[in-house]
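Dropping a structure here in structure tokens format, bear with me for questions.
The values are calculated or read from the model by the stated rules, or taken from the named source; none is laboratory data. Since the structure is predicted, the reported quantities are computational estimates derived from the model, not experimental observations. All Cβ positions, glycine included, derive from the backbone under ideal geometry; neighbour counts span all protein chains shown. Accessible surface is based on the protein model in full, side chains and every heavy atom, while ligands, DNA and RNA are left aside. Shrake-Rupley method; radii C 1.70, N 1.55, O 1.52, S 1.80 Å.
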Amino acid sequence: MSTKLIDLQHISKSYGNNIVLDDMNLYIRENEFLTLLGPSGCGKTTTLRIIGGFENPDSGCVLFNGQDITNLPPNKRQLNTVFQKYALFTHMTIEENIAFGLKIKGKSAQYIKDKIKYALKLVNLDGYEKRMPDSLSGGQQQRIAIARAIVNEPKLLLLDEPLGALELKLRQDMQYELIRLKNELGITFIYVTHDQEEALTMSDTIVVMNQGYIQQIGTPEDIYNEPENAFVADFIGDSNIIDGIMIRDELVSFLGAKFPCVDKGFGENKPVDVVIRPEDVCLVAPENGVIQGEVTHLIFKGVHYEMEVMANGFEWLVHSTMMFPVGAKVGIKIDPFNIQIMNKPASEDEEAVGVEE
């Protein structure tokens, strides 16, 4: 197992009466691509800024390779940050932009020249040394910002929504570039985004945050297939989230019908949240379904059809390669393995409280 590079211990941060982070504990391993994911205001960018040294926590400490760096300024930390706004110096050429940090460190002219060449090759922009930033596209400027960060050979690269300003196709291309760079350079990446697809595509580990708390930590597969609570299920991809009653182990009731499932340990006749992904809803002939409904909406998405089905007072979201036209009467079946049961939060506050590491 690779060693801990960053260890956040009991980090809290408030702005006035607004608690942004509340006793947060999190560690990041060497060579890991870890994504902080969550809605606006959940604390992900504040976490990144505390790691980078741009903010000080109110309490708690930041360890880097076991050393306390909580009060070290950003320029004394072995890391670099790439922001959404590329922050290139517009009056400098590309090579001058990339050389900036190396000159401050007093590196030799030949070392700097070699490093610029190496960095531009890594980001597939060889020969751009003499160009000015305003002559480049958004994607090229972002790659220069990344090149400027990696020439300093940081052990850790912080990326704060770096692809947010790019159009979709370019953003997808850059996702693959970042994965390639991470694999080639062996640098630890901490990435902030509110884009679920971006997080699922690139990450080794995803940390889902909400209201200053960690909701779940896991691989993209874990987060998608085994969400810890209804917030995570709803935030990562699409979900049907239904009020249910756990009758007993492996049997749940919702929408007036009983469904076998595989979950145990919830007790008997307990209120639960039932989570079913749209791709796990099977539409069949009405007489073959556990419950019956009618297709109310249909969109062709290329890979699949997206349908809405009104059944027993609930509007189901269904993804299927089979098309059922609007108005069609259908039955709904669900494999027991595809029904996920979650405890209902005891209060509104508890909905925001995450899991312990």
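Tell me which trypsin sites (Lys or Arg not before Pro) from region 98-174 have a DSSP coil assignment and no more than 12 other beta carbons within 10 Å of their own.
Listed in order of number, the matching sites are Lys105, Lys130.
Rounded to the nearest percent, how much of the accessible area of region 111-192 (1.4 Å probe, protein heavy atoms only) is carbon and sulfur?
Answer for region 111-192 is 50 percent, counting heavy atoms of protein chains only.
Let me ask something else about it. Summing +1 for each Lys or Arg and -1 for each Asp or Glu, what net charge is found among the other residues whose Cβ lies under 14 Å from the Cβ of Leu251?
Surrounding charge for Leu251 is 0.
Relative contact order for the chain using alpha-carbon pairs under 8 Å, separation at least 6, rounded to a whole percent?
Worked out over the chain, it gives 15 percent.
Further question on the same structure: Which whole-Hz couplings ³J(HN,Hα) result when phi for each residue of region 103-113 is put into the Karplus expression 6.51 cos²θ - 1.76 cosθ + 1.60, θ = phi - 60°, listed in order with x for Gly and Pro?
In residue order, the calculated couplings are 5, 4, 7, x, 6, 6, 4, 5, 4, 5, 4 Hz.
Also: If the cut-off is 22 Å between C-alpha atoms, which lysines fall inside it for Lys4, apart from same-chain ones fewer than 8 positions away?
Reachable lysines: Lys44, Lys76, Lys155, Lys182.
Also, quick follow-up: Can you give the net charge of the other residues whose Cβ lies under 10 Å from the Cβ of Ile116, counting K and R as +1 and D and E as -1?
+1
Here's another thing I want to ask about it. Can you compute the radius of gyration and Dmax for region 178-313, using only the Cα atoms, both in Å?
Looking at region 178-313, its Cα Rg and Dmax stand at 18.4, 57 Å.
As an exercise, identify the trypsin sites (Lys or Arg not before Pro) in region 269-334 lying in DSSP coil whose Cβ has no more than 12 other Cβ atoms within 10 Å. Don't jump to the answer; show the numbers that get you there.
On the way: sites: Lys301, Lys329, Lys333; in loops: Lys301.
Here the trypsin sites (Lys or Arg not before Pro) that fit, given the DSSP loop and packing criteria, are Lys301.
Tell me, what % of the accessible area of region 240-335 is carbon and sulfur with a 1.4 angstrom probe?
Roughly 53 percent of what the probe reaches on region 240-335 is carbon or sulfur.
Lys264: which lysines have alpha carbons under 26 Å from its alpha carbon, excluding same-chain residues fewer than 8 sequence positions away?
Lys333, Lys344
What's the local net charge at Glu32, with K and R +1, D and E -1, over the other residues with C-beta under 12 Å away?
That sum, taken over residues with Cβ under 12 Å, equals +2.
Could you grab the relative contact order for region 71-174? Cα pairs under 8 Å, six or more apart, rounded to a whole percent.
Here the relative contact order equals 45 percent.
While we're looking at this one, here's another question. For Asp126, Asp134, Asp263, what's the largest-to-smallest order of accessible area, 1.4 Å probe? Don't jump to the answer; show the numbers that get you there.
Values: Asp126 90, Asp134 130, Asp263 35 Å².
Sorted descending by solvent-accessible area, the residues read Asp134, Asp126, Asp263.
Also, I was wondering about something else. List the residues whose amide H sits under 5 Å from the amide H of Val272, counting only those 5 or more places along or on another chain, with H placed 1.01 Å from N in the peptide plane.
Close amide H contacts, sequence-distant or interchain: Gly244, Ile245, Met246.
With the contact rule set at Cα under 8 Å and sequence spacing of 6 or more, what percent relative contact order holds for region 103-252?
13 percent
Taking a probe of 1.4 Å, how large is the accessible area per residue of the chain, in Å²?
On a per-residue basis, the chain sits at 48 Å².
Take the Cα radius of gyration of the chain and divide it by 2.2 N^0.38 Å, with N its residue count; two decimals is plenty. If you can, show how the numbers build up before the last one.
Values: Rg = 24.2 Å, N = 357, 2.2 N^0.38 = 20.5 Å.
Here the answer is 1.18, to two decimals.
Now, a different point. Which of Tyr128, Tyr213, Tyr224 moves most in a GNM of the chain, Cα contacts under 10 Å?
The residue that fluctuates most here is Tyr128.
A further question on this structure: Keeping the other protein chains in place, figure out the carbon and sulfur percent of the accessible area of region 1-88, with a 1.4 Å probe.
Carbon-and-sulfur percentage of accessible area, whole number: 46.
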